[in-house]
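The values are calculated or read from the model by the stated rules, or taken from the named source; none is laboratory data. What you see is a predicted model; the values in this text were computed from it and never measured. Reconstructed Cβ throughout: ideal geometry from the backbone, glycine too, with neighbour counts over all protein chains shown. Ligands, DNA and RNA are excluded from the accessible area calculation, which covers all protein heavy atoms including side chains. Shrake-Rupley method; radii C 1.70, N 1.55, O 1.52, S 1.80 Å.
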Amino acid sequence: MTRLPVTSFRRAHGSFSFRPCRSTSPTRKVRNIREGWLPLRRGIQAHLARSRGVHCDVAQILIVSGSQQGLDLSARVLLDPGDTVVTEDPQYLGAREVFRSLGAELQPVPVDDEGMLTPGVPARLAYVTPSHQFPTGAVLSLRRRLALLAWADRHDAYVIEDDYDSEFRYDGAPLRAIHGLQVSDRVVYLGTFAKVLFPSIRLGYVVVPHALLPAYRGAKWLSDRHSATLEQRALAAFIEGGHFERTVRMSRTRYGERRDALLRGLAQVPGRPFEVSGAATGLHALARVSGLSRGDLERLIGLAADRGVGVYPAEPYYLNPAEAPAALLFGFATIAPDAIREGLALLHEAYRRL
Ligand SMILES: Cc1ncc(COP(=O)(O)O)c(C=O)c1O
């Protein structure tokens, strides 16, 4: 991701390198460290209230080493072996494999243009990516958000809301996070800085329901004590200095241009075989390729790779890959519009050779 404000981040990082963390009381020091750097948590609290309609106490925010750790801690806190977890189908592999590794039974629920259907079965937990369903890109409708909350209330279940790339909405106003719609305290909200800044930062956060706070804090302490303090302090200064909000605005414009280049290029392929969905938000789009068998799709991916173009099938994200449609995933955030146009011309050439 070129042209991100790496310099301002590095400056913030450098200014903390030689200043040890001080605290007046040993107890407060441990709490502050384990739960995350307080100024960073305050910055996140303000950001979430302003941009996502998530209103929480700062005490509910736990800094984690990437939202993957947030998923892992959530699974450890909430699940016993044999518990049922509702997952979108197709779903994010990083979540699916965490639930599986703890012996949970997955209950896949299909996804349509309005996001995941409302589950029909009881479960301990539902995992959703409502802002930009991974990988289809569908946005969970307000009606379904409310139905999911009603389902959770009925079955005494929790909902994990993975809001991994909600900062990037190109068309229309974003829907309020599910967390902001709840009446009872059942939503675990996950956020990450990997998408909006850079993946190597390995910082994310969990907004934890009050009743689960002691368990999450204990799980975090057992897992890795705390996330890297130096990075947290630099990030807090970065947010406080207004760089974070600026980065979001700048990146939204830049990624929007890249998305437009992708959509225009795919629409120009004669016969319009690529039917794109889920491009209103996020950093990737899914395109169904009409008239191709699974074998054809594999050949297309191979021919594109021979030309130096990386496109990926949606198949691995389906619990039953045999049911997956012929569809390709296009990540566009890190590729300049010219390179996108060039890549699509090569993809088109590969398509003609099928
Ligand atoms: C659906 C989803 N959730 C979360 C993440 C981010 O995880 P992390 O913050 O651990 O990098 C990703 C990254 O690709 C993702 O696709």
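Out of the residues in the range 139-163 meeting the condition of being within 16 Å of the ligand (Cβ to nearest atom) and touching a residue at least 60 places away in the same chain (Cβ under 8 Å), tell me which one is nearest to Ser74 (Cα to Cα).
Across the range 139-163, the extreme among qualifying residues is Ile160.
What residue, of Gly172, Gly82, Gly66, Gly103, is over 20 Å from Leu329 (Cβ atoms) and at pLDDT below 95? So that I can check it myself, show each step before the final result.
On the way: Gly82 fails: at pLDDT below 95; Gly66 fails: at pLDDT below 95; Gly103 fails: at pLDDT below 95.
Gly172 is the lone residue from the list that is over 20 Å from Leu329 (Cβ atoms) and at pLDDT below 95.
I need the full set of residues from the range 53-71 which are assigned to a helix (DSSP H, G or I), within 16 Å of the ligand (Cβ to nearest atom) and surrounded by fewer than 23 Cβ atoms within 10 Å (Cβ to Cβ), in order please. Steps first, please.
Residues of the range 53-71 assigned to a helix (DSSP H, G or I): 58-60, 67-71.
Subset that is within 16 Å of the ligand (Cβ to nearest atom): 67-71.
Of everything in the range 53-71, just one residue is assigned to a helix (DSSP H, G or I), within 16 Å of the ligand (Cβ to nearest atom) and surrounded by fewer than 23 Cβ atoms within 10 Å (Cβ to Cβ), namely Gln68.
Of all residues being part of a helix (DSSP H, G or I) and within 8 Å of the ligand (Cβ to nearest atom) in the range 72-97, which is most open to solvent (accessible area, probe 1.4 Å)? Just the residue, please. Outline the logic, then answer.
Going residue by residue through the range 72-97, those that are part of a helix (DSSP H, G or I) are 72-78, 93-97.
Filter once more, so that each one left must be within 8 Å of the ligand (Cβ to nearest atom): 94-95.
Working: Gly94: 17, Ala95: 1 Å².
If we take residues in the range 72-97 being part of a helix (DSSP H, G or I) and within 8 Å of the ligand (Cβ to nearest atom), then Gly94 is most open to solvent (accessible area, probe 1.4 Å).
Can you tell me which of (1) more than 11 Å from the chain's Cα centre (by Cα); (2) within 16 Å of the ligand (Cβ to nearest atom); (3) open to solvent by 20 Å² or more (accessible area, probe 1.4 Å) is the one Phe134 doesn't meet?
Result: Phe134 passes all but (1).
Select from the range 178-229 the residues that are open to solvent by 40 Å² or more (accessible area, probe 1.4 Å) and within 16 Å of the ligand (Cβ to nearest atom) and write down the one among them that is nearest to Asp156 (Cα to Cα).
Ser223
Name the residue that is farthest from Leu344 (Cα to Cα), counting only residues in the range 306-334 that are open to solvent by 30 Å² or more (accessible area, probe 1.4 Å) and among the hydroxyl-bearing types (Ser, Thr, Tyr).
At the first step, the residues of the range 306-334 found to be open to solvent by 30 Å² or more (accessible area, probe 1.4 Å) are 306-308, 310, 312-313, 315-317, 319-323, 325, 331, 334.
From what's left, among the hydroxyl-bearing types (Ser, Thr, Tyr): 312, 317, 334.
Numbers: Tyr312: 14, Tyr317: 24, Thr334: 15 Å.
Ranking the candidates gives Tyr317 first.
Which pairs do you get when a residue that is assigned by TED's automatic domain parsing to the domain that holds Gln91 and part of a loop (DSSP other than H, G, I, E, B), found in the range 164-179, comes within reach of a residue that is among the acidic types (Asp, Glu) and away from the ligand (no atom under 16 Å from the Cβ), reach meaning Cβ atoms under 7 angstrom, with the pair 6+ apart or on two chains?
If the second residue must be among the acidic types (Asp, Glu) and away from the ligand (no atom under 16 Å from the Cβ), no pairs are left.
Residue under question is Ser277, and the condition is that it be open to solvent by 20 Å² or more (accessible area, probe 1.4 Å) and farther than 22 Å from Gly137 by Cα; does it hold? Before you say what the answer is, go through the steps one by one.
Numbers: open to solvent by 20 Å² or more (accessible area, probe 1.4 Å): yes; farther than 22 Å from Gly137 by Cα: no.
In short, no.
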